[in-house]
Amino acid sequence: MSALRILFIGGSGIISSACAHAAVDRGMRLFVLNRGTTQLRPLPEQVVRVQADIRNSASVAKALGGLEFDAVVDWVAFTPDHVRADLELFRGRTRQYVFISSASAYQTPPSRLPIVESTPLRNPFWQYSRDKIACEDLLVSAYREEGFPATIVRPSHTYDRTLVPLDGGWTALGRMRQGKPVIIHGDGTSLWTLTHNTDFARGFVGLLGHPRTIGEAFHITSDDVLTWDQIAHALAAAAGCQPTIVHVPSEAIAAEDPGWGAGLLGDKAHSMVFDTSKLRRIVPEFVATVPFEQGAREIVAWYEEDQARQVIDPALDATMDRLVDRYGIRGR
């Protein structure tokens, strides 16, 4: 049986890089289309590189020539225009087209937990999520009207060693190290699901080329559910410090910093727990094995390898100071 021919559009991101390694390890013949710029996360040596700019359809068509694929995965499609361009490029060229959506597209706030794939899609708070919903709508129509072989995948909060899950990234972790209070939205008790990128990849590659995925949507998450206070404490323990937490209402954060607030009100302010039984029916070997305590140690170790990575955002740091002054030290 010949190896599956898979095309990744993008491939050096937090999620896609882990999936690239998993696909190659599974014996797939992986092609990666990108602009050939410097990558933080190196691709496997076995990857066939295709250099083109996905925003220039003519250059992509020329670079791909007559190549056809068992699956095409677009990791960098964010708007309906991106999806329309993909539909033109890949009709008749692939047996499966995988769109990377977002779990933030689900009903926000959710009316019930756990989230399942049939949970309604509605997010009035975050444009990013509304754009993903619009992309999904286009693909569902293309599947219904012409049989376009679309599969939709909705990641939730997926991380690797380069990503501090707290808002502010290293700015938040650096504040802990300096003994300064860190901001946690709400009262710190809402539940959040964190998924290591290697665990995501284990579930994802099992969907590639699978005939039962066509016309379907799947989310891929771990069962590692923590409160936001627990996330802060796990990071602090890995960093060898004790956090001082200040709880601030999400609405107050949004009023102070609309960019920060959009991601809170549109996603993180609400408990999000997922039922992954649909994925497990297709990929029965899927199991998430990396607890966040281990992931937190990986994160801290990566930042400690190079002091240049430990960048404090002065504007965000000042915003956090103002919120601390206003709301006082009420945490643990």
**OP:** Would you check if Arg175 is among the basic types (Lys, Arg) and farther than 30 Å from Leu87 by Cβ?
**Re:** yes
Original post:
Counting only residues that are β-branched (Val, Ile, Thr) and not in a loop (DSSP other than H, G, I, E, B), which one in the range 51-94 is surrounded by the fewest Cβ atoms within 10 Å (Cβ to Cβ)?
Top reply: Val60
Original post:
Out of the residues in the range 96-123 that are in contact with a helix residue (DSSP H, G or I) (Cβ under 8 Å, 6 or more places away or on another chain) and without any contact (Cβ under 8 Å) to a residue 40 or more places away in the chain, which is farthest from Trp260 (Cα to Cα)?
Top reply: Leu121
Original post:
Do you know which residues across the range 284-332 are under 30 Å from Gly206 (Cβ atoms) and touching a helix residue (DSSP H, G or I) at 6+ places or on another chain (Cβ under 6 Å)?
Top reply: Phe286, Ala288, Val290, Phe292, Glu293, Ala296, Arg297
**OP:** Could you tell me whether Gly174 is of a type in the set (Gly, Ala, Ser) and under 29 Å from Arg93 (Cα atoms)?
**Re:** no
Original post:
Out of Thr195, Thr171, which single residue is in a helix (DSSP H, G or I) and of a type in the set (Ser, Thr, Tyr)?
Top reply: Thr171
Original post:
Of Ala288, Ala315, which residue is at pLDDT 95 or above, hydrophobic (A, V, I, L, M, F, W, C) and surrounded by fewer than 11 Cβ atoms within 10 Å (Cβ to Cβ)?
Top reply: Ala315
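Would you pick out the residues in the range 294-311 that are hydrophobic (A, V, I, L, M, F, W, C) and assigned to a helix (DSSP H, G or I)? Reasoning before the result, please.
Taking the range 294-311 first, the residues hydrophobic (A, V, I, L, M, F, W, C) are 296, 299-302, 308, 311.
Those that are hydrophobic (A, V, I, L, M, F, W, C) and assigned to a helix (DSSP H, G or I): Ala296, Ile299, Val300, Ala301, Trp302, Ala308.
The values are calculated or read from the model by the stated rules, or taken from the named source; none is laboratory data. Not measured: the values here are computed from a predicted model. When we count neighbours, we look across all protein chains shown, and the Cβ atoms used for this are built from the backbone with ideal geometry, even at glycine.
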